[in-house]
Structures are given as C-alpha cells and as structure tokens.
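Worksheet: one structure, shown below.
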Amino acid sequence: ALGLLEASRAILLSQAIDTRSDLTELRRQHPELAAQFTELREQLDRTVDDFTYLSSSNSDDGAATQSGNKTVRDRRRLAKDLTEVLQHIRAQNDFASFGLAPTAVELLAEAKSGPIVTFSISQYRSDALLLTEDGIIGLELPGLFEALLEQIVAFKEAQSVATSADASLASRRKAEADISGILKWLWDNIAGPV
C-alpha cells in the first residue's frame, strides 16, 4: 500500500510540475520514447467529453452507443500503446524500474534519517503507515474520516474568525481557543497514536 501511495504521489507531483527525475533522464537519453510516453499519458488523462461512454451507455440512441463504444476502444488502444511504450522504456539500460512503485528495500532506505508517516484516510478505512528502517507498520485509525471532516470545517470557521478584522476581540479569542482544541484533537486522535 505504501509503495502504491508513493508511486501515485510521484505521478501526481510529476504531472503538476513535470520534474520527475526518471522522466527527465529519459528525455535526455531517449527523447523519442519520452515524447511517446508523455503524449500517451496526456491522451489517457483527458476526460473524453466527461466520459461520453457513461452518458451514452444509458441512451437508447444507437449513434451515441456507437460513439461510446468507440471511446472505450480508443482508450483501450491508448492503454495498450502506453503499456508497450513502458515495456520498451524498461528494456533500456538504467530504466528497468521506470514508472514502477518503489520496492520495499527502496522505501526502507528512505527511513534511515527517521520514521516517515503516511496517512490513508477514507470513508472505508483510515490508517497511518509507519515506515522505519526495520519495516512498515500499519496502524488502524478507526472512525477518523467523519471526525476529521468535522474538525476541518471547525478549523476553517475558527480561522476565518481569528483572522477577520471585523471580529470582536472576544470572538477572536474564542476562535483561537477553538483552534487550540482542534490541535489537541489532532494530537489525541492522530499524532498520539502514531
């Protein structure tokens, strides 16, 4: 799970700022493969008219259904092409792990300066993943999702009052006390257990 989270984070970050080192190195050594990879990735990232297939699959219109089926076929072809390009990239010297999640050994090496904690929070389950030089530990944090949403709303409201020039001194002090309470809650329910 931690490897997939890290790979996902790296992909999102690289797409946002486009500085992923393995892609940069691929561009330097094999610009044509880098261009193919980038183009296919961008095509697959497109929304395709907000997923025409989903809207057209509920339609009785034969043309819409054909269009939706073509969209699915096109996306499958793009995914197949991307898989083939990735295989070709990984066949190059020094690119065997291109685009893959880091291995457990690579993750463990990252914790040499101290433990690293990653949170996975969802409506289905919430956990803290603790990475140390000795291994990876999963710590379940039950009921965190709903409670955290409440704390986020309370924090935003308190922050708005605390920074408002129009708020009274008493209102700002109450907002600051609310923020302190939220920080205590964070300690008791998240940082403390970790």
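Between Asn189 and Thr38, take the C-beta separation as r, use R0 = 35 Å, and let me know the FRET efficiency to the nearest 0.05. Could the numbers behind the result be given before it?
Details: r = 42 Å, r/R0 = 1.19.
About 0.25, to the nearest 0.05.
Keeping all protein chains in place and using 1.4 angstrom, which order do Asp22, Asp134 fall into by accessible surface area, from largest down?
Values: Asp22 40, Asp134 150 Å².
Result, largest first: Asp134, Asp22.
Before anything else, pin down the relative contact order of the stretch 70-146: Cα pairs under 8 Å, at least 6 apart, normalised by residue count, whole percent. Mind showing how you got there, number by number?
Numbers: 81 pairs, mean separation 14.5, N = 77.
Once normalised by length, the contact order is 19 percent.
With θ taken as phi - 60° and the coefficients 6.51, -1.76 and 1.60, list the Karplus ³J(HN,Hα) couplings across the stretch 124-138 in order, rounded to whole Hz; mark glycine and proline as x.
After applying 6.51 cos²θ - 1.76 cosθ + 1.60, I find 8, 5, 10, 9, 10, 9, 9, 9, 10, 4, 8, x, 10, 10, x Hz.
Return the distance in nm (one decimal) between the two label points of a simple spin-label model at Ser164 and Asp74, each offset 7 Å from Cα along Cα→Cβ.
4.9 nm
The values are calculated or read from the model by the stated rules, or taken from the named source; none is laboratory data. What you see is a predicted model; the values in this text were computed from it and never measured. Methodologically, a virtual Cβ is constructed for each residue, glycine included, from the backbone with ideal geometry; neighbour enumeration extends over all protein chains shown. These accessible areas exclude ligands, DNA and RNA; they are computed on the full protein's heavy atoms, side chains included. Shrake-Rupley method; radii C 1.70, N 1.55, O 1.52, S 1.80 Å.
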